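Following: one structure in structure tokens, then a few remarks.
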């Protein structure tokens, strides 16, 4: 065998080993249980990324977080971090929390009231000599931007935001392999949240560990997360990037849980004969049980929905464009509308439009810059729907 072939084989073996190592990196979890509480989830969070579990109260978010932390033993499941198995019910493996090197940050801080901020963080480092313990605790408090004077205070003498920074420093002090955040910012006001978001972003830039955030705040999830996992009834319904989920939710339930505003009813009419890859969507009024569409839209056709199927469909505000002037009739993507409500929110405006041709149906737009200049309540205008932003989901009729 030639040296070249040996080198090639060695390179191939190295590449295979590298790909296998990469496949084990980060958090891997698969849980299937119905009692005592239902949790069905299959998730992966790579190192350095933040996964947000979103959903309403009772969706199973905190139960899943407790399983990851080792505080709850699932009836059937597997949890591994960087190839180390923390839980495998079939093999009888269940590492206790103290052996998992998990950083936990709670909604209500859970700080020791009789200890200073410095000593609270040092509690996570009891395996070290006291001098080294205090030195590392001080370094972490410096990282989260607490002054030396604030580090000497007890929790009662700190603001809510300062206490939260102490809790974050304590969660990170033991160099965890997984960071779990349970509604960590819900107890502080919106202005302070923005500061804490920046602090977390600064700290995680130097971390190469998976981070899992539980939150009911969709804005917070979109602001912080690389990936969203939408939960309902103890089940992960869909996982993906915020942009992908908001543009292409799996079904109407996911769209509702994500707070997608422009969701409508319709019926799939079939493919366009004169334009391959496009199909006809019949728009049904929201306040009617009628099956006959009042408007047809030409939209992308993925070939998965049979003609006559009832559907839900959405369009993001990015796919709605106000027109400066009326257009000639006959364009199926242009709608006549009237401004029913206009709310100014600093740099943005929220506009609600009623549609002339689709009674009882409203479009909601977020406008900025020149788009909102001169817009008035009661004004009549035209809106163009970009068909590439329309996402159609089949629905089951009761």
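The values are calculated or read from the model by the stated rules, or taken from the named source; none is laboratory data. Everything numeric here is computed off the predicted structure, so don't read it as measured data. Don't worry about glycine lacking a Cβ; one is built from the backbone with ideal geometry, like all the others, and counts go over all protein chains shown.
Testing residue 75 on (1) loosely packed, with under 13 Cβ neighbours inside 10 Å; (2) at pLDDT 90 or above; (3) under 24 Å from residue 107 (Cβ atoms), one condition comes back false. Which one is that?
For residue 75, the failing item is (3).
With the condition kept exactly as written, say whether any residue in the range 173-186 is in a helix (DSSP H, G or I) and either touching a residue at least 40 places away in the same chain (Cβ under 8 Å) or closer than 22 Å to residue 70 by Cβ (or both).
Scanning the range 173-186 turns up at least one residue that is in a helix (DSSP H, G or I) and either touching a residue at least 40 places away in the same chain (Cβ under 8 Å) or closer than 22 Å to residue 70 by Cβ (or both).
Given the conditions (1) surrounded by 15 or more Cβ atoms within 10 Å (Cβ to Cβ); (2) over 18 Å from the mean Cα position of the chain (by Cα); (3) over 15 Å from residue 177 (Cα atoms); (4) touching a residue at least 40 places away in the same chain (Cβ under 8 Å), and given that residue 40 satisfies all but one, which numbered condition is not satisfied?
Of the numbered conditions (1) surrounded by 15 or more Cβ atoms within 10 Å (Cβ to Cβ); (2) over 18 Å from the mean Cα position of the chain (by Cα); (3) over 15 Å from residue 177 (Cα atoms); (4) touching a residue at least 40 places away in the same chain (Cβ under 8 Å), the odd one out for residue 40 is (2).
Going by the structure shown, is residue 265 modelled with pLDDT of 90 or more and within 20 Å of residue 364 (Cβ to Cβ)?
yes
What are the residues in the range 187-215 that are surrounded by 16 or more Cβ atoms within 10 Å (Cβ to Cβ) and in a helix (DSSP H, G or I), if any?
192, 193, 196, 199, 200, 203, 204, listed by residue number.
Could you go through the range 216-235 and let me know if any residue there is within 24 Å of residue 98 (Cβ to Cβ) and either in a helix (DSSP H, G or I) or modelled with pLDDT of 85 or more (or both).
Taking every residue of the range 216-235 in turn, none turns out to be within 24 Å of residue 98 (Cβ to Cβ) and either in a helix (DSSP H, G or I) or modelled with pLDDT of 85 or more (or both).
Among the residues of the range 297-316, write down those that are at pLDDT below 90 and buried (at least 17 other Cβ atoms within 10 Å of the Cβ).
316, the sole residue that qualifies.
Applying the selection to the range 113-139, what residues are in contact (Cβ under 8 Å) with a residue 40 or more places away in the chain and either surrounded by fewer than 13 Cβ atoms within 10 Å (Cβ to Cβ) or not assigned by TED's automatic domain parsing to the domain that holds residue 210 (or both)?
If the condition is that a residue be in contact (Cβ under 8 Å) with a residue 40 or more places away in the chain and either surrounded by fewer than 13 Cβ atoms within 10 Å (Cβ to Cβ) or not assigned by TED's automatic domain parsing to the domain that holds residue 210 (or both), then 113, 114 are the ones that fit.
Please specify each residue of the range 341-361 satisfying the condition of being touching a residue at least 60 places away in the same chain (Cβ under 8 Å) and surrounded by 11 or more Cβ atoms within 10 Å (Cβ to Cβ).
Matches in the range 341-361: 357, 358, 359, 361.
Taking residue 398, is it more than 25 Å from residue 256 (Cα to Cα) and modelled with pLDDT under 85?
When the stated conditions are applied, residue 398 does not pass them.
May I ask you to list the residues in the range 252-300 that are free of Cβ contacts under 8 Å to residues at least 60 places away in the same chain and in contact with a helix residue (DSSP H, G or I) (Cβ under 8 Å, 6 or more places away or on another chain)?
Result: 254, 259, 260, 263.
Out of the range 249-287, which residues are surrounded by fewer than 15 Cβ atoms within 10 Å (Cβ to Cβ) and closer than 18 Å to residue 320 by Cβ?
Result: 259, 286.
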